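Colleague: Provided herewith is a single structure, encoded as structure tokens, for subsequent inquiry.
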2 protein chains.
Amino acid sequence: MPHQTHLREAIRLAAEHSSGGRNGPFGAVVVKDEVVVGRGWNRVVETADPTAHAEVTALRDASANLGTHDLTGGVIYCSCEPCPMCLSAIYWARIRKVVFSATAEDAAAAGFDDFRILEEMGLDWPERTVEGTQELRAEGQKVLKAWKENPKKIQY
Amino acid sequence: MPHQTHLREAIRLAAEHSSGGRNGPFGAVVVKDEVVVGRGWNRVVETADPTAHAEVTALRDASANLGTHDLTGGVIYCSCEPCPMCLSAIYWARIRKVVFSATAEDAAAAGFDDFRILEEMGLDWPERTVEGTQELRAEGQKVLKAWKENPKKIQY
């Protein structure tokens with residue numbers, strides 16, 4: 001089955017790049033029209049980038065290769081269920097199909113606490129462990145309004 | 001107030017880089033020990049990168065400048081309330097304080113539909129608009145287990 005071949009490639013990337021212990025054990029592959037257009041693996045420690053999860057790096061690779069942020073029609077294969085950051089990134093990339101192998105429970109068992117972040121997403125600011133303060137709203141709104149009224153804007 | 005200076009810098013970045021219509025109207029600044037260590041603005045269209053939101057680019061800039069993915073003790077100032085991808089990235093960067101200007105409601109009014117993504121975070125796969133399929137779990141688990149047992153692993 002072709003889609004299992006892509007999923008196994010994501011798992012292979014996870015294994016290959018994490019065996020040294022420096023990168024986390026996650027891999028991802030983006031496929032469009034049956035062709036692999038992007039590959040990624042966890043590079044958080046290696047590249048000193050907290051956002052360099054496998055899915056994010058695969059989406060960035062695919063977007064760079066295709067020259068667009070819009071990956072409509074693409075499928076992402078992940079060695080593990082995406083964390084909230086990566087799942088949100090998948091939405092922003094307009095990918096509507098995710099195939100994954102290990103689950104978020106399996107990631108938690110290995111020490112990756114995606115659930116806490118997911119839980120916090122559902123809370124209001126006062127209940128979150130991250131402190132959130134809102135100030136100067138009118139000044140921020142002004143920029144958004146200028147954008148909305150800008151005839152040259154490119155919606156993404 | 002120094003923190004309003006930082007917030008205004010985030011708003012300034014948002015205005016400056018979005019006025020041409022190519023980049024979205026969002027800016028962010030990361031501060032550590034009262035010093036600006038990272039700046040970012042929305043570059044999704046410009047760089048063909050669906051993950052290049054202001055907060056993500058500011059976190060990447062700060063991490064690159066400091067040489068670490070761990071921004072513990074940092075504060076992020078955002079021209080607008082972070083979307084779920086950016087808020088998750090903030091958690092992963094271990095930042096525990098967010099100051100923002102415009103709200104998610106203001107962003108929605110300008111055409112940025114963060115709420116839909118936030119809503120989907122709270123759903124199980126069958127209810128999401130993104131299709132999720134889980135396969136080959138044992139093969140994915142194997143990589144996570146190997147990582148957990150690897151004495152050389154660097155937890156992030």
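Colleague: Please work out the C-alpha center-to-center distance from segment A:35-58 to segment A:91-118 and express it in whole Å.
Modeller: Taking the Cα centre of each part, segment A:35-58 and segment A:91-118 sit 14 Å apart.
Colleague: I've got another one for you. Based on Cβ point charges of +1 for Lys and Arg and -1 for Asp and Glu, what charge dipole magnitude is obtained for segment B:1-90 about its Cα centre, in debye rounded to the nearest 20? Display every interim value, and only then the final one.
Modeller: Values: 7 positive and 10 negative charges, 35 e Å.
Dipole of segment B:1-90, to the nearest 20 debye: 160 debye.
Colleague: Along Cα-to-Cβ, 7 Å out, sits the label point; list in nm, shortest first, how far the one on B:T129 is from those in the other copies.
Modeller: 3.0
Colleague: Starting from the Cα gyration tensor of segment A:56-98, take the square roots of the eigenvalues, sort them a ≥ b ≥ c, and report rounded, prolate or oblate (rounded when a/c is under 1.5, otherwise prolate if a/b is larger than b/c, else oblate). Before the final figure, lay out the partial values.
Modeller: Working: a/c = 1.69, a/b = 1.54, b/c = 1.10.
Verdict is prolate for segment A:56-98.
Colleague: Something else now. Quote the accessible area belonging to B:W125 in square angstrom, nearest 10, computed with a 1.4 Å probe and with ligands, DNA and RNA left uncounted.
Modeller: Its accessible surface works out to 40 Å², give or take rounding.
Colleague: When only C-alpha pairs under 8 Å and at least 6 residues apart count, what is the relative contact order of chain A, in percent?
Modeller: For chain A, the relative contact order is 16 percent.
Colleague: For A:K32, A:K148, A:K142, give the ranking by accessible area with the largest first, probe 1.4 Å.
Modeller: Per-residue accessible area, sorted high to low, gives A:K142, A:K148, A:K32.
Colleague: Now for a different question. By its C-alpha gyration tensor, with a ≥ b ≥ c as the square roots of the eigenvalues, how is chain A shaped: rounded for a/c under 1.5, else prolate for a/b larger than b/c, else oblate?
Modeller: Oblate is the answer for chain A, as a/c is 1.5 or above yet b/c matches or exceeds a/b.
Colleague: With Cβ to Cβ distances under 13 Å as the rule, what net charge do the other residues near B:A109 carry (K, R +1; D, E -1)?
Modeller: -2
Colleague: Decide, for segment B:54-140, between rounded, prolate and oblate: order the square roots of the alpha carbon gyration tensor eigenvalues as a ≥ b ≥ c, take rounded if a/c falls under 1.5, and otherwise choose prolate if a/b is larger than b/c, else oblate.
Modeller: On the way: a/c = 2.84, a/b = 1.24, b/c = 2.29.
Oblate shape, in that a/c is at least 1.5 and b/c is the bigger or equal ratio.
Colleague: Within segment B:112-153, list the GluC sites (Glu not before Pro) lying in a DSSP loop whose Cβ has at most 10 other Cβ atoms in a 10 Å radius.
Modeller: Numbers: sites: B:E119, B:E120, B:E127, B:E131, B:E135, B:E139, B:E149; in loops: B:E135, B:E149.
Those that pass, being in a loop and sparsely packed, are B:E149.
Colleague: Treating the protein assembly as shown as a set of equal point scatterers at the Cα positions, no solvent, please give the Debye-formula log₁₀ I(q)/I(0) at q = 0.09, 0.14, 0.15 Å⁻¹.
Modeller: Log10 of I(q)/I(0), two decimals: -0.41, -1.02, -1.16.
Colleague: Would you compute, from DSSP H runs of 4+ residues alone, the mean residue ellipticity of chain B at 222 nm, taking -39500 (n - 2.57) per run and dividing by the full residue count, rounded to the nearest 500?
Modeller: Roughly -12500 deg cm²/dmol at 222 nm, from the helical runs in chain B.
Colleague: Also, quick follow-up: Heavy atoms only, probe 1.4 Å: what % of the accessible area of segment A:20-156 goes to carbon and sulfur, would you let me know?
Modeller: 50 percent
Colleague: Further, regarding this structure: So the label point sits 7 Å from Cα along the Cα-to-Cβ vector; using that for B:G73, what distances do you get to the other copies, in nanometres, sorted shortest first?
Modeller: 5.0
Colleague: Shifting gears a bit: In terms of Cα to Cα distance under 22 Å, which lysines are near enough to A:K145, apart from those fewer than 8 places away along the same chain?
Modeller: In chain and number order, the partners are A:K153.
Colleague: How far is B:E46 from itself in the other copies, in nm, if each label sits 7 Å out from Cα along the Cα-Cβ line, shortest first?
Modeller: Label-point separations across copies, in nm and ascending: 2.8.
The values are calculated or read from the model by the stated rules, or taken from the named source; none is laboratory data. Note that the structure is predicted; figures quoted are calculated from it, not measured. Note that each Cβ is placed from the backbone with ideal geometry, even for glycine, and that neighbours are counted across all protein chains shown. Quick note on the areas: whole protein, heavy atoms, side chains included, nothing else; ligands and nucleic acids left out. Shrake-Rupley method; radii C 1.70, N 1.55, O 1.52, S 1.80 Å.
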